[in-house]
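To start, the structure itself, in structure tokens.
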Amino acid sequence: EEGAPGRRGERERSEEAPAERGPGAAFHMFVLMEDLLDKLKLLSYEEEALRRHNMRPLSRHYFALPTNPGEQFFMFCTLAAWLISKAGHPFEQPQECDDPNAVISNVLSQLRSF
């Protein structure tokens, strides 16, 4: 009998774990993406980054949903290169045909130098 309440308590804790995150946790990535887009707009990314590369503006859920990983990766690299350059560190714009591992390595090494 003494063991029964302990097992019940363990079961209650394990059932509460997913509920602790809350029902809105699944939509957190959408909120983050909207915040990112707002910040990019404040930096005039459409005029400075996208027009230079003849790219369309991001939708408010562009990176939140995996639609076209290759296109999304290239957009991420384009924005990363633009942001690094905007921060005062010269950074060459990656091309679509570049090795993704090399591009990410270059972005990370540039960010570490900050």
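The values are calculated or read from the model by the stated rules, or taken from the named source; none is laboratory data. The structure presented is a predicted model; accordingly, all values stated were derived computationally and were not measured. Methodologically, a virtual Cβ is constructed for each residue, glycine included, from the backbone with ideal geometry; neighbour enumeration extends over all protein chains shown. Heads up: the accessible areas ignore ligands, DNA and RNA and are worked out on the full protein's heavy atoms, side chains in. Shrake-Rupley method; radii C 1.70, N 1.55, O 1.52, S 1.80 Å.
Pull out all pairs, ordered by first then second residue, where Cβ-Cβ is under 6 Å, the residues are six or more apart or on different chains, the first lies in region 28-42 and is closer than 16 Å to W82 by Cα, and the second is open to solvent by 70 Å² or more (accessible area, probe 1.4 Å).
L37/R60
State whether the residues of region 7-20 include one that is out of contact with any Pro (no Cβ under 9 Å at 6 or more places or on another chain), on the phi > 0 side of the Ramachandran plot and at pLDDT below 90.
First pass over region 7-20, keeping only residues out of contact with any Pro (no Cβ under 9 Å at 6 or more places or on another chain): 7-20.
Still in the running and on the phi > 0 side of the Ramachandran plot: none.
Scanning region 7-20, I find no residue that is out of contact with any Pro (no Cβ under 9 Å at 6 or more places or on another chain), on the phi > 0 side of the Ramachandran plot and at pLDDT below 90, so the answer is no.
Could you list all residues from region 86-114 that are assigned to a helix (DSSP H, G or I) and open to solvent by 50 Å² or more (accessible area, probe 1.4 Å)? Let's see the steps before the verdict.
If we filter region 86-114 for residues that are assigned to a helix (DSSP H, G or I), which is where we start, we get 86, 100-112.
The answer is K86, P100, N101, I104, S105, N106, L108, S109, L111, R112.
For residues that are under 13 Å from the mean Cα position of the chain (by Cα), charged (D, E, K, R) and part of a loop (DSSP other than H, G, I, E, B), tally how many sit in region 33-70.
1
Does any residue in region 51-70 that is open to solvent by 70 Å² or more (accessible area, probe 1.4 Å) come within less than 8 Å, Cβ to Cβ, of a residue that is of a type in the set (D, E) six or more places away or on a different chain, and which pairs are these?
Cβ pairs passing all conditions: P57/E46; R60/E34.
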